[in-house]
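Below is one structure; the comments refer to it alone.
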Amino acid sequence: MILRKVFVYQEYPENLMKLYQLAYNFWWAWDYQALNLFHRIDTQLFREVDHNPVRLLYSLPKERIEALSSDRGFLFELGRVWERFQEYLKYVDALKRENNRLYGIGEQDSIAYFMMECGLHESLPIYAGGLGILCGDYLKCSSDMGLPVIGVGLLYKYGYFDQRIGVDGRQVEEYVEFENHLVPLKEARKSDSSPAYVDMTILDQALKVKVWQIDIGQTRLILLDTDIEDNPPHLRDITHELYVADKRKRLQQELVLGIGGMRALDEMDVAPALFHLNEAHSAFAVVARLEKLMKGENLSFSEARAVIRASTIFTTHTPVRAGNENFESELVRRYLLGTIEALGISYGDFENLGFVGDDREAFWLPALSIRFSRFVNGVSRQHRGVTRKIWASLFPERPEVEIPIQYVTNGVHQSWISETFDYLFSRYMGPDYVRMGAHEDAWNRVFDIPDEEIWEEHRKNKRILVPFVREKIASDLAARGFPESKGLKLASLLNPDYLTIVFARRFAHYKRPTLILKDRDRLKKILTNPERPIQLIFSGKAHPADERGKDMVKQILDFAREYGVEDRVTFLEDYDINVARHLVWGADVWLNTPAPDMEGSGTSGMKAAMNGVLNLSVLEGWWEECYDGANGWAITAGELYNLPELREEAESEQIYTLLEEEIAERFYARNGAGIPQAWVHMMKESIYSVGYEFSMNRVLTDYQRKLYIPAMMHLRALKEDDFRALRDALVEEKEVLQYWDHIEITHFSSDADRRDHLTEGETIKAECSVYLGEASPELFRVELFYLFNESKDYKTMPMELITKDSGTGHYVCSFSVEGYGVQGMNVRVRPAKELVEDLHPGLVKWKD
Ligand SMILES: *Cc1c(COP(=O)(O)O)cnc(C)c1O
C-alpha cells in the first residue's frame, strides 16, 4: 500500500506571526539575537532539529505554542528581534540605492549566481564542502551589501551523506532523506503569483521542474526539483543526490541546473544582466542563453556568443584538470544534438567549444564556460597560476602571464565569528565592524582590545567546544551500541586548558590529514608532555568512493588506541557546518597541510583566524597571501623537495619542531595574570589580517570591482543603439578575416640586439615590418610584447606605422627596460578592435 504524503501546516496565533516570518528568512542564521530567540523556545529540541527554526516550530506541541503566545517576556524579545530584522532590511535597501547611485547597479541589473551545492546552514544539507560553504557565504553577504544577486541551485532529496564510523574504524555513509517542507523553503512564484514550474525535454521526454525559493536576507535563492509526481521515476530521481556518481544522472542534473535554471529565471520574470557560473557544473546555462538570444532576439550565433561572453563570469575552483567536470562527448551529443541543431548551429561547431586540444573524446564543462566567459577567475593568487597552466591550451596564442584569468581570493562571511567575539568586536570596533570589509581602520582597533578580554573570550569558546565534543562522541557511540563503559571515560576526554590543535576538512588524499602521524612515537611524546600537554581533534568526511581517504580516518583512530592517547586524540564524526562552527571557535591552532598546488584557496583557516585561532599551515592558497611572519606559522621545509616522500619527511619534522619549541612554548608562557601575552599578540595579528583581507565583504567588493562592473560596462557598450557596436564589429571581423591568412610579420629587430650591455631604465627602440597586402592598416593593431621580472610581468607597447610601401607596413616603438635578469620580447598583430577579438578569440600572429 502506498500512502501519498501531504503536509498540513500548523495554525498559529496571530501574535506569533512574526516568529513564523522570521523562521522563513535565513537571516536568523547570522543574527545571534534571532538564534537566541529560537534557542529560548526549547534549547534541547532546537539542537535536535539541527537549529532549524521552521522544524522547531512545527515540532512544538499546541500547548507550548499557546504558552508562548501569552508569554509577555517572550513577546517582548520577539518584538526586539523583529525590529532588528526590519532595520537590517532598511539598511540593505539604503545600500541598494547607494550602489545604484555609485555604480549604476540597480535591481534591473541583477546577477544570477549558479551553483551545484549551497552551504547555508546545517539544516539544509545540500552542500558537500568548501565550494558549497562559499556559495552560502556569498549569498548572505550579497544581501548584507545590497548587491542584486539571485542564486540558482538544485534541491536534493537526500542530503549529502551522513558519516558514521563503524566499529572497525571504517567510514560508512548514510543517506538521509530530509524533509523539504520543514526547512525555510517556499514555492517560488511567477509574477501572477502562481507557482513556478519549468518545462524541459530530456532525451525527447518531457520533464517538469518545480522551483522553490529560499530567502536569505534580501537575496533570493531558487532551487530546482525534479522529484514531483508529474515526472516518471527515472526522471524524478535527477535531483535525488548531490554529486551523484552515475555520469548520466550527473549530466541530467547539470542540464537541469543550467538550462532549467535559466528558464526558471524567465518564468519568474527575472532578467539578470550578468550570469556568474560558480564552478563549471552550470555551464549549460550558455545553451539556454543561446536559445534565448538566437530565437528570442534574432541574433546570429556569433552575436549571441559575444553577448554571452560579455555578460558571463566564470569562477573555477578545481586545481587539478581531471577533477574538473567532463563527460564522454558521445553522451553530451545524445542529450544536446537536437537542441543545438534546432538553433541552426552545426553540432560539430558547438562541440568544439567543449574540447581541449586534439582530444575529441571528452567534453569539458570548464572549457565551454571559459569560451563563453569574458571574465574568468581563480580563487587565490597561487590558484590563478595553476589555472592558467591547466587551461593554457585554450589560449594557444597567449603567453602564460597574459592568459585572461584573474583571481579573487576566497573569504568567509561574518557569521563564522562566534557570539563572544562578535560582541567583543562590536564593543571595540563599533557594531558595524563587519560591514567594514576591507576598511583597515576598523580592524586596526583589534590591537586596542585588552589582552585579558580576548583571552577570556577565547577560553569561553574552548569551554563550549569540550562539552560539545564529549556529548557528540557519547551520542555517536551510543548510536553504535556501546554506551556505558566507553561513556565513563568521556568525562576525561579533552581538557579545555590544554593546547588544542584541530585538523578539520574533507579527508581527501591531497589534504594529507595523516601527515602529522608520520612519526608516531615522537607525536605521542609531544602530546603527552606533562608540562605542555597538547590535544588533537580531527574531523572530516571522505568521499564515498575514496578508499584512501577512508583509510586515513582509520589510521587516526588506530593511532589513538594503539598509543594509548584516546583521551587527547579524537575524531569527530560527520563534519558539517555545526561541527565546523564549534571547531573554528574553540581551537587554539588550526592545522592545514595540503599538498603543493592542490588547494584552490581553503577557507576554514580564515574562519578560525577570525575567532583568534592561530594557523599552522603550508604556504598554499590563501595562506600564501596572508602569512606575514607575525600572524601564525608557515610550514615551508618541504619546498625544496619534489619527491612527496622527502617532502613529507621535512614537513612533518618542521611541524614537530614548531610544536615542541615554538607553539607549546608560547602557549604555556603565562604572565602573572595567567595570560600568554605573546600568544595573544599573535591572535590579534591574525584577527586583524583576516578580518581586513579575507572577509566575504572583501570578496564581493573584488568581484564587483574586477568583474561585475567591467562586465556591466562592456555589456552596455555592446548593447547600445540596438547592438550597433556589435554589428559594426561583425562587419569589421569579416574584413579582418578576408585578409588574415596573408598577414605576416616579415621582420623584427631592436637595438637591444646590437648592445652588449643593458641596464634598467635604458630605452630600447624596436621596429618591425608587416606584410598587409591590400588590407587597410587601420584594421590591425601591431604591438610589442615585453616580458620581465622572471616572466611574472609584461607590458604591451603599441607600435606606430611610419611608412607603407608595396603592401608592407613599417612600425616602430620605444620603451624603457624594467628590472633585470632574463627577459623576453616579440611583436604581434591583432585585430584593431577589441570587439572583433571577442567575436573571434585567438586572432593573433607573432613573429616566428
Ligand atoms: C569551511 C568549511 C569547509 C572548507 O574548508 P577548507 O579549509 O576549504 O577545507 C568544508 N566543510 C565545512 C563544513 C566548512 O565549514
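The values are calculated or read from the model by the stated rules, or taken from the named source; none is laboratory data. Predicted model, so just to flag it, every value in this text is computed and none were measured. Cβ placement follows ideal geometry from the backbone for every residue including glycine, while neighbour counts extend to all protein chains displayed. Remember, those area values only see protein heavy atoms, side chains included, never the ligands or the DNA or RNA. Shrake-Rupley method; radii C 1.70, N 1.55, O 1.52, S 1.80 Å.
On the beta carbon distance between E762 and K706, with R0 = 30 Å, the FRET formula returns roughly 0.35.
For segment 135-279, dividing the convex hull volume of the Cα atoms by the residue count gives 146 Å³ per residue. How many percent of Cα pairs in segment 354-423 exceed 14 Å? In whole percent, the long-distance tail amounts to 66.
Membrane-span-like helices of the chain, defined as complete DSSP H segments with a Cα extent of 20 Å or more along the helix axis and a mean Kyte hydropathy of at least 0.0, are identified as 130-144.
How large a share of the accessible area of the chain, in percent, is made up of carbon and sulfur atoms when the probe is 1.4 Å and the other protein chains stay in place?
About 48 percent, which is the carbon plus sulfur part of the accessible surface.
Just how far, in whole angstrom, is segment 395-467 from segment 793-848 if you go by their alpha carbon centroids? That distance is 44 Å. Of all the Cα-Cα pairs you can form in segment 338-493, what percent are over 29 Å apart? It works out to 58 percent of all Cα pairs. In a DSSP loop and with at most 12 other Cβ atoms within 10 Å, the trypsin sites (Lys or Arg not before Pro) in segment 740-847 are R754, R755, K792. Here segment 722-769 is treated as an ellipsoid with the same Cα gyration tensor; its semi-axes, largest first and in whole Å, are 39, 16, 5. Normalising the average separation of contacting C-alpha pairs (under 8 angstrom, six or more residues apart) by the number of residues puts the relative contact order of the chain at 10 percent.
Fully extending the segment from D42 to E790 would add 263.1 nm, taking 0.36 nm per residue of separation and subtracting the current Cα-Cα distance. Pairwise alpha-carbon distances in segment 203-262 exceed 14 Å for 56% of all pairs. The Cα center of segment 681-722 and the Cα center of segment 206-271 differ in position by 29 Å. If you sort Y91, Y688 by accessible surface, 1.4 Å probe, largest first, the order is Y91, Y688.
In plain terms, the chain from E778 to D359 could stretch by 147.1 nm, reckoned as 0.36 nm per residue minus the Cα-Cα distance.
Excluding ligands, DNA and RNA, the accessible surface per residue across segment 361-441 is 35 Å² with a 1.4 Å probe.
For segment 161-217, the extents of the C-alpha atoms along the principal axes are 56, 38, 17 Å, listed from largest to smallest. Computed over the Cα atoms of segment 588-696, the ratio of the radius of gyration to the Kirkwood radius (Rg/Rh) comes to 0.99.
Its Cα gyration tensor gives segment 704-835 an equivalent ellipsoid. The semi-axes, each the square root of 5 times an eigenvalue, are 31, 23, 10 Å from largest down. Pairs of Lys residues in segment 417-566 that lie 8 or more places apart, or on two chains, and have C-alpha atoms under 20 angstrom apart add up to 17. Label-to-label distance, L102 versus F447, with points set 7 angstrom from Cα along the beta-carbon direction: 2.6 nm.
Taking the charge dipole of the chain about its Cα centre, with +1 at Lys and Arg Cβ atoms and -1 at Asp and Glu Cβ atoms, the residue from G136, H51, L16 reaching farthest to the positive side is L16. Computing Rg and the Kirkwood Rh from the Cα coordinates of segment 89-129 gives a ratio, Rg/Rh, of 1.18.
Under 5 Å from the amide H of R781 lie the amide H atoms of R830, A832, each residue being 5 or more positions distant or on a separate chain, with H modelled from the backbone and absent for Pro and chain starts.
The convex hull around the C-alpha trace of segment 498-607, projected and averaged over every direction, spans 7.0 square nanometres. Once the C-beta distance of D546 and V167 is scaled by a Förster radius of 35 Å, the resulting FRET efficiency is 0.95 to the nearest 0.05. Sparse packing (at most 16 other Cβ atoms within 10 Å of the Cβ) combined with a DSSP loop state is found for the following GluC sites (Glu not before Pro) in segment 775-808: E790. Taking all protein chains into account, the per residue accessible area for segment 633-736 stands at 45 Å² (1.4 Å probe). If only the Cβ of Lys and Arg carry +1 and only the Cβ of Asp and Glu carry -1, the dipole of the chain around its Cα centre is close to 1380 debye.
Computed from the Cα positions only, the extents of segment 783-848 along the three principal axes stand at 38, 30, 20 Å, in decreasing order. A viscosity of 1.002 mPa s and a temperature of 20 °C, combined with the Kirkwood radius over C-alpha pairs in the Stokes-Einstein formula, give segment 28-124 a diffusion coefficient of 133 µm²/s. With the convex hull constructed from alpha-carbon coordinates only, segment 21-83 shows a mean projected area of 3.9 nm² over all directions.
Net charge dipole, segment 628-737: roughly 780 debye, given to the nearest 20, about the Cα centre with Cβ charges of +1 for Lys and Arg and -1 for Asp and Glu. For K792, a cut-off of 18 angstrom between C-alpha atoms picks up these lysines, skipping any fewer than 8 places away in its own chain: K389. In segment 335-402, taking the dipole from charged Cβ atoms about the Cα centre, the farthest positive-side position among I345, F372, Q382 is held by Q382.
For an R0 of 30 angstrom, estimate the FRET efficiency from the Cβ-Cβ distance between V844 and T636 and round to the nearest 0.05.
0.15
Coupling constants for segment 351-366 follow from the phi torsions by the Karplus curve (6.51 cos²θ - 1.76 cosθ + 1.60, θ = phi - 60°), and in residue order they are 4, 4, 6, x, 8, 10, x, 8, 6, 9, 7, 10, 9, 9, 5, x Hz; glycine and proline get x.
Over the chain, the Kirkwood radius and the radius of gyration, each from Cα atoms, give a ratio Rg/Rh of 0.99.
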